[in-house]
1. Treating only the Cα positions of the stretch A:205-307 as identical point scatterers, give the base-10 log of I(q)/I(0) from the Debye formula at each q in 0.12, 0.13, 0.21 Å⁻¹.
2. So for the stretch A:381-430, what are the equivalent ellipsoid semi-axes in whole Å, largest first, each being the square root of 5 times an eigenvalue of the Cα gyration tensor?
3. If you count the DSSP beta bridges with both ends in chain A, what percent of them are antiparallel, to the nearest 5?
4. Restricting things to alpha carbons, find the Rg to Rh ratio for chain A using the Kirkwood radius for Rh.
5. Just the Kirkwood number for the stretch A:292-370, please: inverse of mean 1/r across all distinct Cα pairs, in Å, one decimal.
6. Amide H to amide H under 5 Å from A:PHE469: which residues, 5+ apart in sequence or cross-chain, H placed 1.01 Å off N in plane?
7. Using 32 Å as the Cα-Cα cut-off, could you pick out the over-long pairs in A:LYS32/A:LYS246; A:LYS17/A:LYS207; A:LYS158/A:LYS457; A:LYS454/A:LYS489?
8. Under a straight-distance cross-link criterion of Cα-Cα below 16 Å, which aspartates and glutamates are reachable from A:LYS432, leaving out those fewer than 8 residues away in the same chain?
Amino acid sequence: MANKKQVENKRGTVARKVKGFRDIDPSLNQLKWKIINSAGQVYKSYGFEHWDTPILEYADCLGKYLPDDDTVDKGVYSFKNPEVEPVLRADGSELRDEDAHVVMENQHLSMRYDLTSPLARRYAEGLLEKYQRHMLNQMKPPLFRRYQFGPVYRYEIKLSPGRFREFWQLDFDNVGTNDVAADAEVCMVLSDALEAIGLPRKSYVVKVNNRKILTGYLKELGVKDDLTEQNIIRVIDKMDKIGLDKVALELGIGRTDDSGAEVKGLGLDEKLVRSVADFIKGFSIQRKRKEVLTDLRKLDIQNEIAQEGIQEMVKIDSILSALDFDEERVIFDPSLVRGLAYYTGPVYEVESLQSYIDSKGVERRIGSICGGGRYDGLVENLLGIKVPATGASIGVDRLAELLMLTNQAPKRKDGPVFIAYFDEELMPHYQKVARDLRTAGIETEVYYGMDKKKMKKQMAYADDKNCPFVVLIGANEAEAGIATVKNLKLGKEIADKFTDKKEWMEQVQKEVLIGELADYLNEQMKG
RNA sequence: CCCUGCGUAGCUCAGUUGGUUAGAGCGCCUGAUUGUGGUUCAGGAAGUCACUAGUUCGAAUCUAGUCGCGGGGACCA
C-alpha cells in the first residue's frame with residue numbers, strides 16, 4: 001500500500017483556475033463595462049447613487065445562519081475569521097462571561113451571495129450611526145436609494161453554461177418606501193437601462209406581478225401555513241421551464257422526469273391543485289394589462305391581501321400608462337412568482353425574447369436576465385423593525401452572454417498604435433515619439449519583447465493585439481526625421497486583392513514627417 | 001446529490017468485427033523574405049490514446065473502479 005507520505009511527495013503546483021470562476025479577457029471586459037456604464041448612467045439619472053460594499057461580511061449579517069463547522073453551507077462561501085473578536089449582543093454591547101470577561105471568538109465570515117443583503121447591512125449600520133437605537137421604533141425609516149455593481153459568490157454544486165460561482169450583478173434599490181410608485185419606477189428603470197445597453201424595443205419584456213394576489217388567493221383556498229405557501233410558490237416558479245401540466249403534478253402526486261429522475265410532489269389535494277392550476281392557466285396568454293386586471297377582479301377574491309395586491313397593480317398600471325410604457329415594454333403576468341422567499345409584494349422579471357442557434361443547431365433562449373421585487377422584511381433581523389424596500393438587479397454576465405450569442409456585442413476594439421523596435425540607440429527616440437502620440441490622445445505602445453531583433457515577431461504581436469498602425473523608425477528614417485507608418489487594418493482588408501507582396505505593401509505603407517505623425521494618425525483613425 | 005453520455009496532438013475530430021510503427025485539418029515553430037503581419041510554397045516539433053486494475057497470444061478498441069468534462073433532474077439565500 002502506497003503510504004500517505006509517498007503520495008504527498010508527488011504533489012505539485014500547477015497553474016489552474018478555480019472551478020466555476022473565470023478569467024475575463026479584454027473583449028469580454030469591454031462588453032461587461034459597456035453594460036455597467038450604460039445601465040449605471042440610467043440608474044444615476046433617476047437619482048440612485050453609487051455605493052460599494054466589501055465582498056466579505058459577517059455571516060449572520062447576510063441573514064444566513066451560521067454554517068456547521070467550517071464547511072460551505074447552502075451555497076455560500078463561509079469560513080472562520082482568523083481574527084478573534086468580541087461577541088456582541090443584539091443591542092450592540094459586548095457579551096461577557098461570569099467573570100465579566102469579554103467573550104472572544106473567531107466569527108464566521110461569508111462572501112456576499114448577492115448585493116441586497118450587504119445593502120441591508122449598510123442601511124442598518126447607517127441608521128445605527130446616526131440615531132439611537134430606541135429612536136428607531138418611533139421614527140419613519142429614511143429613504144435610501146443606491147445602485148451598486150460587483151461580483152457576488154455562490155457555491156454552485158452543479159455548474160452549467162452561463163452559471164458561474166463568481167458573477168456580477170448590477171442592482172438598484174429603494175429602501176424606506178412603501179409607495180408602489182417606486183415599483184412602477186423600477187420597471188421603467190429596467191426598461192430604460194436595457195435599451196441604453198442596446199437591447200432593441202420588443203426584444204425583451206418586463207414582467208410584473210404581485211405576490212399578494214397569489215398568497216391572498218391561496219389563503220382563501222385554505223392554505224394556512226407559510227411553508228406550504230412557500231412550497232407552492234417554488235413549484236409555480238418552474239412554470240416557464242416545465243409547463244403547466246408538470247407543475248400541476250408536482251403540486252399533487254409528483255412526477256417522473258424525462259431523465260428518469262423522480263420528483264416528489266407536494267401532495268396537495270386535488271381540488272386545491274386544480275384551483276391553483278386554473279388560476280395560472282387563466283393568465284397564460286399575454287394580453288393588455290387592463291384586461292389582466294379585469295380578469296383578476298372577475299375571480300372575485302375576497303381576501304384582503306389579494307385585494308390590496310390588485311389595487312397596487314392598478315396604481316402601477318396607471319403610472320406606466322401615463323408615461324406611455326405600454327405592453328411592448330411592461331406586461332402583467334399573474335403566474336410570475338419568483339422563487340425567492342423574501343419577496344412580499346410586487347415582483348419583476350425581465351425576459352429576453354431573443355433566441356439563438358447553439359453549436360448543435362438547436363434554437364435556444366436565454367430567458368430571464370433581470371429580477372427583483374419588493375421585500376419588506378429585509379432589515380428586520382438587523383434592526384428589529386420593518387423597513388419596506390424595492391429594487392431589481394441585472395445579471396451582467398447573463399446579459400453579456402446574450403449579447404454575444406445574438407451577435408450584438410460591439411466589434412473588437414482597436415489595440416494601441418505600435419512602435420516597432422530596430423535599434424538600441426533609437427530607444428529614447430521611440431519613447432519620445434510614443435509620448436508625443438499619447439499627449440495627442442493616441443494609445444501607444446513601444447515593443448519590449450525579448451525577441452526584438454525579429455521584425456516578424458513584432459508584426460505578429462501587433463497583429464495579435466489588433467493594433468491599427470505600426471510606426472517603423474529605423475536608422476534611415478530617424479536621420480531623415482520621418483517615420484514609416486503601416487496601416488495594419490487596411491492591410492487586412494485588402495489582403496485578398498493582392499498576390500504580389502510588394503504591391504500590397506506599397507498600398508498600406510506611407511512615410512510621414514515625425515512632426516506630423518500625431519495629426520496623420522488621428523486623421524486616419526477618425527475614419 | 002440522482003440519471004445519462006463522453007474522455008485520442010495546443011484546438012476540432014478520424015481510427016474498420018480487438019491485430020504490428022496511432023492519423024487529418026487548423027494552430028504552433030523554422031525557412032523562402034536581404035528591417036515588415038495577409039497569401040503561397042518547402043520543411044519541422046508535438047500524443048503513456050484520462051488514470052488504475054482486469055480479460056486476452058495481443059487493448060485506443062472489451063469489463064470494472066477512480067478522476068475529469070458535457071447533458072437532464074433535484075436544491076438554490
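1. Rounded to two decimals, the profile gives -0.42, -0.49, -1.19.
2. 52, 22, 7
3. Taking every DSSP beta bridge with both residues in chain A, the antiparallel ones total about 85 percent.
4. 1.07
5. After inverting the mean inverse Cα-Cα distance, the result is 15.1 Å.
6. A:PHE418, A:LEU488
7. The pairs that break the limit, which is 32 Å between Cα atoms, are A:LYS32/A:LYS246; A:LYS17/A:LYS207; A:LYS158/A:LYS457.
8. Cα-Cα hits under 16 Å: A:ASP423, A:GLU424, A:GLU443, A:GLU445, A:GLU477, A:GLU479, A:GLU516, A:ASP519.
The values are calculated or read from the model by the stated rules, or taken from the named source; none is laboratory data. All of these numbers come straight from a predicted model, not from anything done at the bench. No Cβ is skipped: glycine too gets one built from the backbone with ideal geometry, and neighbour counts run over all protein chains shown. When the accessible area is computed, the model is the full protein with side chains, heavy atoms only, and any ligands, DNA or RNA have been set aside. Shrake-Rupley method; radii C 1.70, N 1.55, O 1.52, S 1.80 Å.
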